[in-house]
1. Quick check on my filter: what residues within the range B:70-86 are within 13 Å of chain A (Cβ to nearest Cβ), over 13 Å from the mean Cα position of the chain (by Cα) and in contact (Cβ under 8 Å) with a residue 12 or more places away in the chain?
2. Which residues, taken from the range B:53-69, are more than 7 Å from chain A (Cβ to nearest Cβ) and among the charged types (D, E, K, R)?
3. Please go through the range A:191-207 and pick out each residue that is surrounded by 15 or more Cβ atoms within 10 Å (Cβ to Cβ), under 15 Å from B:Ser89 (Cβ atoms) and among the β-branched types (Val, Ile, Thr).
4. I need the full set of residues from the range A:158-195 which are in a loop (DSSP other than H, G, I, E, B), within 14 Å of chain B (Cβ to nearest Cβ) and basic (Lys, Arg), in order please.
5. Scanning the range B:1-34 for residues that are of a type in the set (Gly, Ala, Ser) and out of contact with any Gly (no Cβ under 6 Å at 6 or more places or on another chain), which turns out surrounded by the most Cβ atoms within 10 Å (Cβ to Cβ)?
6. Residues of the range A:640-692 being in contact with a Gly (Cβ under 9 Å, 6 or more places away or on another chain), hydrophobic (A, V, I, L, M, F, W, C) and at pLDDT 70 or above, which ones?
7. In the range A:201-214, what residues are more than 30 Å from A:Thr232 (Cβ to Cβ) and facing another protein chain (nearest Cβ under 8 Å)?
8. Pick from A:Gly356, A:Gly431, A:Gly386, A:Gly422: which is in contact (Cβ under 8 Å) with a residue 12 or more places away in the chain and over 30 Å from A:Thr476 (Cβ atoms)?
Amino acid sequence: MTHKPETIAAFVQEARELLAAMEVILLQIEHDGVDKAGIDAVFRAVHTIKGSASIFALEQIVAFTHITENVLDQVRTETITLDEDLRVLLLACNDYISSQIDTIAFAKAELPADSQRRHGLEEKLRACLDVVGKTHSGIEADDAGINEVKLSLVQRQQTGVAAKTPHWYLSLRFDRDIFLYGLNPIAFVQHLSTFGVVCDIRVIDDFLPDKQSMNPEQCYIGIEIVFQSQATHRDIVDVFSLMNALGSMIVIAPHSDIDAYRDVLVNFSHPYHCVQVLTEMQVLDRQEMALFVEGIQYTEEVQVVDALTTVAHPDVASAASPMPPAAQEISARDISEHQFIKIQVDRLDQLIDLVGELVIAGATATLVAKKKQDARYREAAEAIAGLVGQIRDAALAFRMVRMNEIFQRFPRVIRETASALGKEVTLVMTGEDTELDKSMMEKIANPLMHLVRNAVDHGIESTEARLAAGKVKKGTITLHARNESGSIVIEISDDGKGMDSQKIMEKAIEKGLLQPGQLLTPAEILNMVFAPGFSTAEKVTAISGRGVGMDVVKKNIDELHGTVTIHSVPGAGTTMHIRLPMTLAIIDGFQVTVGTMVFVLPLDRVVECINLANHPVEQNIVTLRDTPVSFIDMRHMFGLSSIARTRQNVLIVDYAQQQIGLLVDTFEGECQAVVKPMNTLFAGKKGFSGSALLGDGRIALVLDIGYLAEHARRTEHDALEMAQQQTR
Amino acid sequence: MMKLTEMIQEGKTCLALSGEMTIFDVAGNMDMLLHYAGLHPFLVVDVSGVTTIDMAGLQLLMLLKKESGKAACTIFFQHHSQAVLDIASLLHMEVFFDIGETS
């Protein structure tokens, strides 16, 4: 049986996501103990893989997942306890299924299984089931679990909470042929207003066909009404009887149960639209809407919550709910399993490219508007610029993924690395919610993995050594991610033995990377480990220490315009500090000119603009509110003509908690810049991180603040040394 | 009888609708009206001559606007007659008819 490659690819991706989620939960269980919701989610993951695999007739996966599922079902019903052995077995099953999925991804079909591995696992799984067979009457039907899920949804549907609205709510849909019978729905509305007040009304065009299939003599529209009246239900229905029942009307009395409003869903083409109308017409408030959404049947619930959280009320999903905590958790997991739309990456890239072009075109329009001096045109151009900015942010947000995507791989890595080395290590992770550009995430994953392995292998000492040093037996590795002035900072710390500067020096000299007697700062010594061909491990282990890692780590980070620095305290531990720009595509920039050149800086790096004449200056140091800040003359730096300046403009920028000044000619103000990579002609030129096209068609170079900061620091260092030599 | 007239106003195409827009008029005029959906990026529709409009007529205007929107074109209603103002007010469709805005 053959399938389209893209459908197989979709299956592979889904299966991988489910397996990754399953792994996370199984590892969480090790930490937090067995929880019902977690086991349910694992069960559903395996069940879903089995279901999808059967569509593709992937019999081996179906057969294997079937047994795994049976065992998990017994765990769910608490016939089997999920002990350490079973957890390890389930992780091994997860790995086996993963490897099968990888084969499918590669070969687009199932290949003969790794039968020995498979039989081993199957036997262990069967052994679990056999134990049950002896103590329990037998295995229940496969679908028991699914029934349970449905049941919980049906129970949840009854919220029993009354809506606060004091008005009637009417939802009308008409028979297609109503016009031909000479009836006009407008007459109904007019008649209704004779014994009450129509507070709000919406004409619904959900079922209006496109022009090809439109029959203009048929009625496709519906009407929603919020009605204030002392009339009875009977009175209102009687008005509608005028229509000779040519249509349907849902009448909801004031203060009805929220559940009653769900009847209206059928009158809309999409639940989201229903939610939108009920919200706009203020029929249900935010909390009530949360309950309303909760009770919508499973598949619809996902769509509605999705639409709601993104459009109508960003926090509806987290609003108060009467469900018990466990049920809430299940629903949260249900949603997280289905909340996403999968989009091909190239489509997304195409969108980002187009948004980039739009930003440039928008900037051009703003520029023309400024020149034209037409207030209305300018106003319109500004409105467009505002929207373009929002579209840009939204489009870039599509590419942002949570750090968690990488972090979730680490517990397993650390656990396995540590057990292979006979060490005990605890992993602490914070800031998993920090977001990073998807393309960068892929490139940073491997370097991070390497650094984490290194920390376990070289950083954390053996148990004996730790006890001897008076430390706790268990080592700790901390992974931390955070946003910091337009960058993402990732820190990997261990509480191990720290790095031995002396040893690094010796090794570097031995490898010919350093000349004996050469003087280096402590930071420079530590940075030697990033030099190609450097490895301090006395024995090469399978985990790290082949000396091919750290230079590659540094190279990968450099490619992302990031930096990596090391802080190490002998005996207390090491921290690797990685700083990455948040995205590479489009930035909010600040434009300056130097001579005839235009430069752009990332706006979030700009701290303030000053006139040098107003502050005390000594050589290249300006004192700003009692703090000395060194500045660079950009003309000097880039060798641009040096005519006298009328005003000494200095831009203060911030980089890695260090402030530097840039002496420029003029400040041009804020702009949006689409950053394009530098032409190969500029390869190796330092100081720029890219080029940007401006609205008027000029090219601006984007300044690499990291390099400038380093340059400033070095100049200062040199000047200091020179001064010291002079005094000698 | 419903009537469609194409005019040029300040160098721009403008469509004037007049007469009755009811169930009796829609079938004969639908194709002609919908021809304008997506024809111009920005089309002003003058409804000053509309004497009567019912649900069928309204439905046709809704389709015109919806189809134009699909083609990323804007329809702007102006010079509303009393009949149009009445139906817009009754069904809270002021926004749809661009009432309270100037072109």
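1. Correct list: B:Lys70, B:Ala71.
2. Across the range B:53-69, the qualifying residue is only B:Lys65.
3. Hits for the range A:191-207 are A:Val198, A:Ile201, A:Val203.
4. A:Arg176
5. So, considering only residues that are of a type in the set (Gly, Ala, Ser) and out of contact with any Gly (no Cβ under 6 Å at 6 or more places or on another chain), the one surrounded by the most Cβ atoms within 10 Å (Cβ to Cβ) is B:Ala16.
6. A:Leu640, A:Val650, A:Leu651, A:Ile652, A:Val653, A:Cys671, A:Ala673, A:Val674, A:Val675, A:Ala692 - these are the residues of the range A:640-692 that are in contact with a Gly (Cβ under 9 Å, 6 or more places away or on another chain), hydrophobic (A, V, I, L, M, F, W, C) and at pLDDT 70 or above.
7. A:Asp205, A:Leu208, A:Asp210, A:Lys211, A:Met214
8. Answer to the check: A:Gly356.
The values are calculated or read from the model by the stated rules, or taken from the named source; none is laboratory data. From a predicted model like this one, the values you see are computed outputs, not experimental measurements. Heads up, the Cβs are rebuilt from the backbone with ideal geometry, glycines too, and the neighbour counts pull from every protein chain shown.
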